[in-house]
Amino acid sequence: MGIRIYSCTAGLVLDSDLADSMLKTLSYRAATLAFVIASWTVVCLGQVPGIPAGEGAAKVISLTGQVSVMRDSTPWALNVGDAVRPRQMILTGPDGFAVFGLTDRSTFEVYPNSRVIFRDNPGSWKDLLEVLIGRVKVHIEKLGGLPNHNRVRSPTAVISVRGTIFDVAVEDDDATTLVLVEEGAVNVQHVLMPTGDGKLLGPGDWIRVYKRQPLAAKQTDRGGVLQGAMRVAGDVLYGILYRNAQTSRPGGGGSVGGGGGSVPTSTGGGASPLPGDTGAGDPPPPPPPPPPPPGSN
């Protein structure tokens, strides 16, 4: 009997294959955050100092929750404006999310419970990310209207792009990899079982790469149901995180990724803060009570 899932948000009925894809994507290792930052990215990139091109670094544009980078086998908390160097691993906790900017104005987002190595191939900056577990969203900008070749890898897949927006999620310990294209086109090849020219995916196409199986046929997200569901779930979670970030600032003001510094890093569960953590200290004491009204004695 086929699975029927009703979306209370969009009033849609999904077939079993698409429902399975959506559920795997949305439920793995807590809810994976998907939020819309297109308009914010342009503003924040303008506020963050330039990244030295020769170093091939990425710079933190905005973040929330626990986001760190490995330095000498030790996780160090990241803050807005920090640089991530080639061959460093980015780690996010269950509440962690960060947006990183590159010198060519491309960006990538790292979602909760992820482990991602930045530019692990020192011989080529085009090998952008190695996704070990978790999810990333990548936006590759074209260079003067020309293709901007980059690659994102997982233990089972290599995704080649020229200028596009797409998601990559490594879903389990067997490195099952989901690739979903939002805009442009990507080529997906199996790392362990390469065949021909791989699979070419266009807008709305998705494919799941299994460790011990050859590449299957690509699927089409008819009506944008999968992307829409991911976006709706991300919007809900982002709203919660944004409100938390606002209330954690003095006076409740400011914005995530603005020029005033990062959202305090959450260590959760009473854990010790990471090196470099700029989390908020103890709250100030409450003000004294007001004096009694005249003639009350």
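Just so you know, all these numbers are worked out from the coordinates, no wet-lab data involved. These numbers come from a predicted model, not from an experiment. Glycine also receives a Cβ, built like all others from the backbone with ideal geometry; neighbour counts cover every protein chain displayed.
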Show the residues, 5+ positions off or on another chain, whose built amide H is closer than 5 Å to the amide H of ARG87.
PHE118, ARG119, ASP120
Mind ranking 137-150, 62-75 by how tightly packed they are, going by the mean number of other C-beta atoms within 10 angstrom, highest first?
62-75, 137-150
Karplus 3J(HN,Hα) series, Hz, for segment 100-116 with 6.51 cos²θ - 1.76 cosθ + 1.60 (x for Gly, Pro):
10, x, 10, 5, 8, 6, 6, 9, 9, 10, 10, 9, x, 6, 10, 10, 9
If we restrict to alpha carbons, what Rg and Dmax does segment 51-178 come to, in Å?
13.5, 41
Highest first, please rank the peptides 186-193, 155-162 by the mean number of other Cβ atoms sitting within 10 Å of their residues.
155-162, 186-193
Calc'd 3J(HN,Hα), segment 179-195, phi into Karplus 6.51 cos²θ - 1.76 cosθ + 1.60 (θ = phi - 60°), Hz, glycine/Pro = x, comes to 10, 10, 9, 9, 8, x, 8, 9, 10, 10, 10, 6, 5, 8, 9, x, 9
Could you work out the per residue convex hull volume over the alpha carbons of segment 156-230, in cubic angstrom?
78 Å³
Segment 74-82 - phi-based ³J(HN,Hα) in whole Hz, Karplus 6.51/-1.76/1.60, Gly and Pro as x:
10, x, 10, 5, 9, 9, 4, x, 5
